[in-house]
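Below is one structure, written out as structure tokens; comments come after it.
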Amino acid sequence: QVQLVESGGGLVQAGGSRRLSCAASGSISSINTMGWYRQAPGKQRELVAAITSSGRTNYADSVKGRFTISRDNAKNTVYLQMNSLKPEDTAVYYCAALGLVRTYWGQGTQVTVSS
């Protein structure tokens, strides 16, 4: 089992920045890729960014150039630095860890961007 705890959500004005953190614990040796997803009201959950243990990253087109995912393997923590936030970035953001047989999810953290 892997446990994920997110933090850093909140209310921010358009154009502002926010950093999300996700601390992993448990059977983390089985985890290679970690990522951030988001789900806005009435929409499907979508991938925002992902990072492998070697540091390879992948971003949704909508956040490229504004968001940066990073990983501190020593702390078992993944970060999502969000800059130039837009109202359409408003969503519940979920941390995910891709295991060998399943994906683990955090509880989610709300990010609200006001215009």
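Checking each residue in the range 1-18 for being open to solvent by 40 Å² or more (accessible area, probe 1.4 Å) and not in a strand (DSSP E or B) picks out GLN1, ALA14, GLY15, SER17.
Only a single item in (1) assigned to a loop (DSSP other than H, G, I, E, B); (2) open to solvent by less than 60 Å² (accessible area, probe 1.4 Å); (3) closer than 19 Å to THR77 by Cβ is not met by SER21, and it is number (1).
Please work out if VAL63 is open to solvent by less than 60 Å² (accessible area, probe 1.4 Å), farther than 21 Å from GLN3 by Cα, modelled with pLDDT of 95 or more and out of contact with any Ser or Thr (no Cβ under 9 Å at 6 or more places or on another chain).
On the way: open to solvent by less than 60 Å² (accessible area, probe 1.4 Å): yes; farther than 21 Å from GLN3 by Cα: yes; modelled with pLDDT of 95 or more: yes; out of contact with any Ser or Thr (no Cβ under 9 Å at 6 or more places or on another chain): yes.
Spelling it out, VAL63 is indeed open to solvent by less than 60 Å² (accessible area, probe 1.4 Å), farther than 21 Å from GLN3 by Cα, modelled with pLDDT of 95 or more and out of contact with any Ser or Thr (no Cβ under 9 Å at 6 or more places or on another chain).
For the subset of the range 66-80 comprising residues that are open to solvent by 60 Å² or more (accessible area, probe 1.4 Å) and polar (S, T, N, Q), which member is modelled with the highest pLDDT? Filtering first and then ranking leaves THR68. In the range 83-115, how many residues are within 20 Å of ALA40 (Cβ to Cβ) and either part of a loop (DSSP other than H, G, I, E, B) or not polar (S, T, N, Q) (or both)? Total meeting the criteria: 21.
The values are calculated or read from the model by the stated rules, or taken from the named source; none is laboratory data. Keep in mind that this is a model prediction, so the values were computed, not measured. We place every Cβ from the backbone using ideal geometry, glycine too, and count neighbours over all the protein chains shown. Just so you know, the surface numbers come from the protein's heavy atoms only, side chains and all, with ligands and any DNA or RNA stripped out. Shrake-Rupley method; radii C 1.70, N 1.55, O 1.52, S 1.80 Å.
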